[in-house]
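Each remark here refers to the structure printed beneath this line.
Nothing in this text is a laboratory measurement; each read-out follows from the coordinates by a stated rule. Bear in mind the structure is a predicted one, so any value in this text is a computation, not a measurement. Cβ atoms come from the backbone with ideal geometry, glycine included; neighbour counts cover every protein chain shown.
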Amino acid sequence: MTEQTTWQASAIEHRSAWIFALCCLLLILIASLKPDLFEFSQEEVALPEQVEDTARDSDALAERIAPPVEEPAEAVKSTPEIEQPKAVVIPAKPVTSNRVITKKPAVKAVSSKTSSTPASGYYVQLGAFGEKPRAQGLVDQLKRQGWNAVISAKPNGLHAVWAGPKKDHAEAEKLQKAIEKKMKTKGFIVQQKGA
């Protein structure tokens, strides 16, 4: 009894065949859309020997048409040298104006309060950091978004970042949802009593 073995292509062989077929189809598609890319004339495709022959023929033809003209040595020496123009530097005068410019102090729309004892009310705590600069970074982010934010120093050395204050719990919940929607950070509501 003879056993017949059947051959099966491996995954790599399948992929290789698909890649080859797709490359062929891509080549056919490009050839049909841009046939000028595949048209070569004898003039465009020149072998190196043909290039050298063409150069020799053009030199010989140029000599037959117009023989080289010899100029007298004196004529070459009498050619005047052209002087380069010199740069003229004109000093600039400062611009003066009679207008008086007064600086107005910048008005901050958002409180820049970052104290360790925040005012009483409801806050949304968004994080607690061991390093104050990291807490300040989150406060700055919140302020850029238009929310009031403070850092509350905790006895264990952490710096809690709070957004608020709000007068009641419902307003704090609205603030919590707005921050979560805009900054993708869900905080929790804390109440600060007395300042």
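Lysine pairs, Cα distance under 18 Å, 8 or more residues apart or cross-chain: how many in the range 121-192?
Taking the Cα cut-off of 18 Å, the pair count is 17.
Please report the relative contact order for the range 121-192, taking Cα pairs under 8 Å with a sequence separation of at least 6, and give it as a percent rounded to a whole number.
44 percent
State the extension gain, in nm to one decimal, for the chain segment bounded by A178 and K154, taking 0.36 nm per residue of separation less the distance between their alpha-carbons.
Details: separation 24, 0.36 × 24 = 8.64 nm, distance 2.57 nm.
That pair, A178 and K154, stretches by 6.1 nm at full extension.
Considering only A172, N156, G137, whose Cα is most displaced toward the positive end of the charge dipole of the range 121-192, charges sitting on Cβ of Lys, Arg (+1) and Asp, Glu (-1)?
About the Cα centre, the residue reaching furthest to the positive side is G137.
About the Cα centre of the range 122-195, how large is the charge dipole given +1 on each Lys and Arg Cβ and -1 on each Asp and Glu Cβ? Please answer in debye to the nearest 20. Provide the component values of the computation, followed by the final result.
Numbers: 14 positive and 6 negative charges, 32 e Å.
It comes to approximately 160 debye.
Using a Förster distance of 35 angstrom, determine the FRET efficiency expected from the C-beta separation of D36 and Q8, and round it to 0.05.
That gives a FRET efficiency of 0.20.
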